[in-house]
1. List every residue pair whose Cβ atoms lie under 6 Å apart, where the two residues are 6 or more positions apart in sequence or sit on different chains, the first residue falls within the range 115-128 and is closer than 16 Å to Ser60 by Cα, and the second residue, located anywhere, is of a type in the set (Phe, Trp, Tyr).
2. Of the residues that sit in the range 364-378 and are aliphatic (A, V, I, L, M) and not in a strand (DSSP E or B), which one is surrounded by the most Cβ atoms within 10 Å (Cβ to Cβ)?
3. Tally the residues that are among the hydroxyl-bearing types (Ser, Thr, Tyr) and either surrounded by fewer than 18 Cβ atoms within 10 Å (Cβ to Cβ) or under 17 Å from the mean Cα position of the chain (by Cα) (or both), restricting the search to the range 271-300.
4. So Arg318 passes all but one of these: (1) buried (at least 18 other Cβ atoms within 10 Å of the Cβ); (2) at pLDDT below 90; (3) under 30 Å from Ala204 (Cα atoms). Which condition number does it fail?
5. Can you name every one of the strands (runs of 3 or more DSSP E) wholly within the range 238-335 that holds 3 or more residues which are in contact (Cβ under 8 Å) with a residue 60 or more places away in the chain?
6. What is the residue count in the range 90-103 for residues that are surrounded by 12 or more Cβ atoms within 10 Å (Cβ to Cβ), over 23 Å from Gly207 (Cβ atoms) and in contact with a strand residue (DSSP E or B) (Cβ under 8 Å, 6 or more places away or on another chain)?
7. Filter the range 111-136 down to residues that are part of a helix (DSSP H, G or I) and in contact with a helix residue (DSSP H, G or I) (Cβ under 6 Å, 6 or more places away or on another chain) and give me whichever is surrounded by the most Cβ atoms within 10 Å (Cβ to Cβ).
8. Identify, from the list Gly207, Gly187, Gly241, the residue that is under 28 Å from Thr63 (Cα atoms) and at pLDDT 90 or above.
Amino acid sequence: MITRKRLTAGVCIALATLTAGLGTALPAAADEPRASAPPKVELVLDVSGSMSTRDIDGQSRMTAAKKAFNDVLDGVPEEVQLGIRTLGADYPGDDRKVGCKDTKQLYPVGPLDRTEAKTAVATLAPTGWTPIGPALLGAADDLGEGGSTRRIVLITDGEDTCGPLDPCEVARDIAARGVHLVIDTLGLVPNAKIRQQLTCIAEATGGTYTAVQHTEELSDRVSQLVDRAAEPVITPVATEGADSCSAAPRLKAGLYTDRQEFGRHRWYRVDVLPGQELRASVSVAADRAVANDYGVLVRAVTVHGREIVRGSESGTGRTDVISSGLRYPKPELEDEDEDEDDTKPAAEAVCLQLSHSFSAASASVKTAPGLPVELTVDLVDGPDNAADPAAFGLGRGWWLLGLLVLTGLLAGLLTGWISRWRVAVWRTN
């Protein structure tokens, strides 16, 4: 006799099998093309005497940095060549001239031997000065030249103590070489002067500055930056959004950068042909002290002001960047709507409006220039069902969801029918 327990088990197995079959039926995404030259990253670690201070999760800054390095080394992508350079690791004396030359490559840039790299890091102890400028010059030489992605990740707890060689000027000189080398900085002390110097270093090369006060944050951020080096490099184009749709600059597919002040909107225009799909994403970076609550909104609007579609994201607490995006598939023209002389169909001007709700954390925070904005615009062939933009976005997920709902309904009806049949049999007996 079929029992309810057996029936329920059978239905669960059927659902699991069906779901697995549907999952395997979907084609896998094509692999992204890789650059011919492997990406290179050099981690530059401050090992000066102040790194012995115990103010990160109850342990010293050096201990936190070592743990973060071990976590990062475990997850380095295979295609990334990684090296490690130190500053202030060897000279404990008071001779400024000697101390300001105290930087060396601890592990060479190349294929990573995780055990060897971890062993090298384990030997470090807080020692000397903070020659950030010389360390950046050394790291740039370590990475060399070539067409690959190259990234320097600087982790320090203080400002440079070896002036007049200003590390910000060093970063500008590196950027002026005309090679794509990005410097990202992570500060372990939330000090305004340190923040200013490390922000200047990062901005000079198109990098980012992050204030880190916990070990887990440090591990996560360095891992993100190393992973980013493995991604294809696209040089963004500087643009300037307008205050209205009618005055907005016309953008083609590509990557763009801009600045947006607090409390202002930015407008851009994109021409979308029938049968094309507009994909737009926006990221706004918090490069200064901002209030805890924030959000970003991007809208696609017609030139007459009618909203087509929107994307938004919000959050609270500390953040480095917040992103959102949208997709708008423009329907193909019907045959009867096409011109008889086969002229090219007219494109629709779509206006993109960008808004963010960041605000200054205090009256002392500068409001100009605006926050860094990164805008990605892509135009691809639209889907066959583009006539209904409101239903776009889940794709095959709609089919899977509908099939699972139908399967659950049938299973419920079958279970109820069998239960009623069992009750009827029991009564007759």
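1. Every condition considered, the pairs that remain are Val121/Phe69; Gly128/Tyr91.
2. Val365
3. 2
4. (1)
5. Qualifying strands (runs of 3 or more DSSP E): 254-260, 266-272, 276-285, 293-302, 321-329.
6. So the count comes out to 5.
7. Step one: list which residues in the range 111-136 are part of a helix (DSSP H, G or I), which gives 114-122, 132-136.
Retained after the next criterion (residues that are in contact with a helix residue (DSSP H, G or I) (Cβ under 6 Å, 6 or more places away or on another chain)): 114, 117-118, 121, 132-133, 136.
Details: Arg114: 13, Ala117: 22, Lys118: 15, Val121: 22, Ile132: 32, Gly133: 24, Leu136: 30.
My answer is Ile132.
8. Result: Gly187 is the single residue among Gly207, Gly187, Gly241 that is under 28 Å from Thr63 (Cα atoms) and at pLDDT 90 or above.
The values are calculated or read from the model by the stated rules, or taken from the named source; none is laboratory data. Everything numeric in this text was worked out from a predicted model, so none of it was measured. Heads up, the Cβs are rebuilt from the backbone with ideal geometry, glycines too, and the neighbour counts pull from every protein chain shown.
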